[in-house]
Amino acid sequence: MTIAIISNTANALLNFRKELILYFQELDIVVYALATDFDQNSEENLKLLGAIPVGYQLSRGGLNPLSDLANVFSLVRIIKK
């Protein structure tokens, strides 16, 4: 089984979803952790938890509906992959 956990920041994954990621690892579930702002440290920390970090684009303060729609389609494409 495979699970994708989506967050707008990598720190939120580490701070608020760490226990969930560890629980899924105990159940042998592959966990993809999606966030917009990975740096080397946050990627390494997620890998240590057993998750696979995946970056995606998101305009957090965007007011352009076309740009937001493009971001949604991009996220859907990543999830399907």
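So here's what we get for this one:
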{"read-out": "Sequence of 28, 68 once ranked by neighbouring C-beta atoms within 10 Å, starting from the fewest", "value": "28, 68"}
{"read-out": "In degrees, nearest ten, helix 65-80 long axis to first principal axis of the chain (Cα)", "value": "30"}
{"read-out": "Sites residue 80 and residue 41 - FRET efficiency at Förster radius 22 Å, r taken between beta-carbons, to 0.05", "value": "0.15"}
{"read-out": "Prolate/oblate/rounded label for segment 1-42 (Cα gyration tensor, a/c 1.5)", "value": "prolate"}
{"read-out": "10 Å binning of all Cα-Cα separations within the chain, expressed as whole percents from 0 upward", "value": "18, 47, 27, 6, 0"}
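Throughout, read-outs are computed from the coordinates displayed, never taken from laboratory work. Everything numeric in this text was worked out from a predicted model, so none of it was measured. Quick reminder, even Gly has a Cβ in these numbers, built from the backbone with ideal geometry, and neighbours come from all protein chains shown.
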